[in-house]
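What follows is a single structure, written as structure tokens, with notes after it.
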Amino acid sequence: MSASPGIRLHLEGVSRRIAERSILEGVQLEARPGELVAVVGKSGCGKTSLLRLIAGLDTPTSGAVRLDAGPGQAARGRVRMVFQEARLLPWRRVIDNVGLGQPRDETHRRAALEALARVGLGGRERDWPGVLSGGEKQRVALARALVGSPGLLLLDEPLGALDAFTRLEMQRLLENIWIERRFTTVLVTHDVQEAVALADRVVCLAAGRVASTLEIDLPRPRDRLSPSFTAFVAEVLGRLGGQGPAVSPELATAPARTLTSVR
Amino acid sequence: MGRGATREQMTVAILPWILPVGLLVAWQLLADRPPAGHSLIPAPSEIVTAGVRLIRSGELAHHAWVSLQRALLGLLIGGSLGLFLGLVNGYWPLAERVLDSSVQMIRNVPHLALIPLVILWFGLGEGSKILLVALGVLFPIYVNTLHGVRSIDPGLLEMGRLHGLGPGALFRQVIFPGALPSILVGLRFALGVMWLSLIVAETIATDSGIGYLAMNAREFMQTDVVILSVLIYALLGKGADTAARLVERHFIAWDPRYLRSPEPTARS
């Protein structure tokens, strides 16, 4: 599997208003090809709106979203998104969900099978989505995003609805696939630990603006128990205006998690 | 279910039949009393005899076939129209603004009340009967199709577009299969209305079909044939419902309710 170069992402003063309410205000953001950027923030801060703008699902009121896949390369078709809900078509088998939008021939079928095997669901291709667990559904959604060499992967709290064990497993899987493929990734999450564990750079969003940006220069794979890791988590939480380092990261993220899952 | 059935299973299988079979036996015993000739309550054996006679003469097959043709043709016409309107109005808000009020107004007129008008306009031929059936089945299919399209998760549509599905592919892969369970519910409702409309249409003015058979028998006081006709309607209705269920099982095999048993056995 050849590593495809990631898409360069550039947001220039992007704003979005719905009626008179401002959702995003002059967001300036850049992701280098192959970079993994995490966007964190409290619920309602505009994280998901930002991702939807990048995906082209919504249009900005002002400003521009630029995608650059290199000279002469189309970028739009290589943007993939994974949502918090798996959004699988219940009436199509796993394999057909993975191959959604791809031509139905042997080459693409093989690509879908390969993606399915990569997320650890080899042999489940004939199953209906209805029999899968939450984690398995999310794996299928991830496999669907991997087919057709994505250049930019947008992850909208993809692990938000999973239990803690499954989430850890999925984080590891995501990181490994990203290291293999090197597509540009924007991960929106309310889980600061997750952001620090996976991202090259964490962008803190507050009230529709980029409040601050933090480079995470820890070596991979990251040791979540190391003092430097904990320090980064505490730093991000502090910048988000949450509790300071006195509270353990798990406790500090807890309220945010409950809030977003209710949304 | 099979050869390996235990006593308990046999008992369970027999239970629903005790009452109807008992009634039949009682009926036969009581009806045997009155003097010979036509009775108002013929014994089951007389109905069977009448049935055998009509099957031998080929009349039964002829009339049943005519009725079935009318029913299916009406279903096809009314059903397609209802399906089309439901899909268009469900997917395209402008079409709904334009069409839905009118459809709802027509829907609220009992279609059997239109019989005099239909006869005036279309005469006593096949057209008027098929039209009545079509009018009857249109609305259950329309309403349920509309509901089915509406209840599709917008997230799935969004995801489909994100994966490059055009309008045609989106319809084939997301909208239609998503609405199908609801459409099939509409179909089962429509089958009920289909027979009802046909029965009424056939009793009013016709020279063939099960309804005619019954009306004709009434004139000659052949109560056995009248009851036989009612039974034929029941059988046809049951057959249509079973067919609809099989279709449902086949097309909604993905539904978690059907997924419990990997190879669902069709029950009637």
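What follows is calculated from the coordinates using simple rules that are stated; it is not laboratory data. In this text the structure is predicted, and so the values were computed from the model without any measurement. We place every Cβ from the backbone using ideal geometry, glycine too, and count neighbours over all the protein chains shown.
Only residues of region A:94-113 count here: report those whose backbone N is under 11 Å from the spot 7 Å along Cα→Cβ of B:Arg172, or say none.
A:104
Per-residue HN-Hα couplings for region A:176-183, Karplus 6.51 cos²θ - 1.76 cosθ + 1.60 at θ = phi - 60°, whole Hz, x for Gly and Pro?
4, 5, 5, 5, 5, 9, 6, 7
How high is the FRET efficiency from A:Glu180 to B:Leu30, r the C-beta distance, R0 60 Å, rounded to 0.05? Working shown, then result.
Details: r = 83 Å, r/R0 = 1.39.
It comes to 0.10.
Nearest 20 debye, what's the magnitude of the dipole of the protein assembly as shown about its Cα centre given +1 on Lys and Arg Cβ and -1 on Asp and Glu Cβ? Kindly include the intermediate steps, with their values, before the conclusion.
Values: 56 positive and 46 negative charges, 99 e Å.
Roughly 480 debye, rounded to the nearest 20.
Using helices alone, I'd like the mean residue ellipticity at 222 nm for chain A: each DSSP H run of four-plus residues gives -39500 (n - 2.57), total over residue count, nearest 500. If you can, show how the numbers build up before the last one.
On the way: 8 runs with 92 residues, N = 263.
Rounded to the nearest 500, it is -10500 deg cm²/dmol.
Straight-line reach from A:Lys137: which lysines have a Cα under 28 Å away, not including same-chain ones fewer than 8 places off?
A:Lys42, A:Lys47
With a 10 Å Cβ neighbour count serving as the proxy for reagent exposure, in which order, fewest first, do A:Glu157, A:Glu125 appear? Intermediate results must be reported in sequence, preceding the final value.
Working: A:Glu157 23, A:Glu125 20.
Fewest to most other Cβ atoms nearby, the residues stand as A:Glu125, A:Glu157.
Going by Cα centres, region B:106-184 and region A:34-82 are how many Å apart?
39 Å
Could you please report the charge total around B:Gly51, scoring K, R as +1 and D, E as -1 over all other residues with beta-carbon less than 14 angstrom from its beta-carbon?
On the way: positive: B:Arg53, B:Arg56; negative: B:Glu46, B:Glu59, B:Asp224.
Spelling it out: positives minus negatives among the neighbours equals -1.
Straight-line reach from B:Lys129: which lysines have Cα under 28 Å away, leaving out those fewer than 8 places along the same chain?
The reachable lysines, counting only those whose Cα sits under 28 Å from B:Lys129, are B:Lys238.
Sorted from fewest to most neighbouring beta carbons within 10 Å, what does the list A:Thr59, A:Thr166, A:Thr184 look like? Intermediate values should be presented prior to the final figure.
Working: A:Thr59 9, A:Thr166 17, A:Thr184 26.
Result, fewest neighbours first: A:Thr59, A:Thr166, A:Thr184.
Taking chain B as a Gaussian network, where each spring joins two C-alpha atoms under 10 Å apart, which residue of B:Ala253, B:Ala217, B:Ala71 fluctuates the most?
Among B:Ala253, B:Ala217, B:Ala71, the largest mean-square fluctuation in the Gaussian network model of chain B belongs to B:Ala253.
Report the residue, chosen from B:Gly166, B:Gly209, B:Gly186, that carries the largest GNM mean-square fluctuation when chain B is represented by alpha-carbon nodes joined by springs under 10 Å.
Greatest mean-square fluctuation among the candidates belongs to B:Gly166.
Shielding of B:151-160 by partners, i.e. mean partner chain Cβ atoms within 10 Å per residue? Present the calculation step by step, with values, prior to reporting the outcome.
Values: counts 0, 0, 4, 0, 5, 5, 1, 6, 14, 4.
Neighbouring Cβ atoms belonging to other protein chains average 4 per residue here.
If the elastic network links every pair of Cα atoms under 10 Å, which of A:Glu85, A:Glu169, A:Glu106 fluctuates the most in the Gaussian network model of chain A?
A:Glu106
Give me B:His163, A:His108 sorted ascending by neighbouring Cβ count inside 10 Å, so fewest comes first.
Values: B:His163 21, A:His108 16.
The fewest-first ordering by Cβ neighbours comes to A:His108, B:His163.
So what's the back-of-envelope 222 nm ellipticity for chain B, counting only DSSP H runs of four-plus at -39500 (n - 2.57) apiece and dividing by all residues, rounded to 500?
Details: 11 runs with 201 residues, N = 268.
Result for chain B, helices only: -25500 deg cm²/dmol.
Is chain B rounded, prolate or oblate when judged by the Cα gyration tensor, a ≥ b ≥ c being the square roots of its eigenvalues, rounded requiring a/c under 1.5 and prolate requiring a/b larger than b/c?
Numbers: a/c = 3.15, a/b = 1.45, b/c = 2.17.
Here chain B falls in the oblate category.
What is the average number of partner chain Cβ atoms found within 10 Å of a Cβ in A:140-151? Walk me through the numbers before you get to the answer.
Numbers: counts 0, 1, 0, 0, 2, 2, 0, 1, 2, 0, 0, 0.
Across A:140-151, the average partner-chain Cβ count within 10 Å equals 1.
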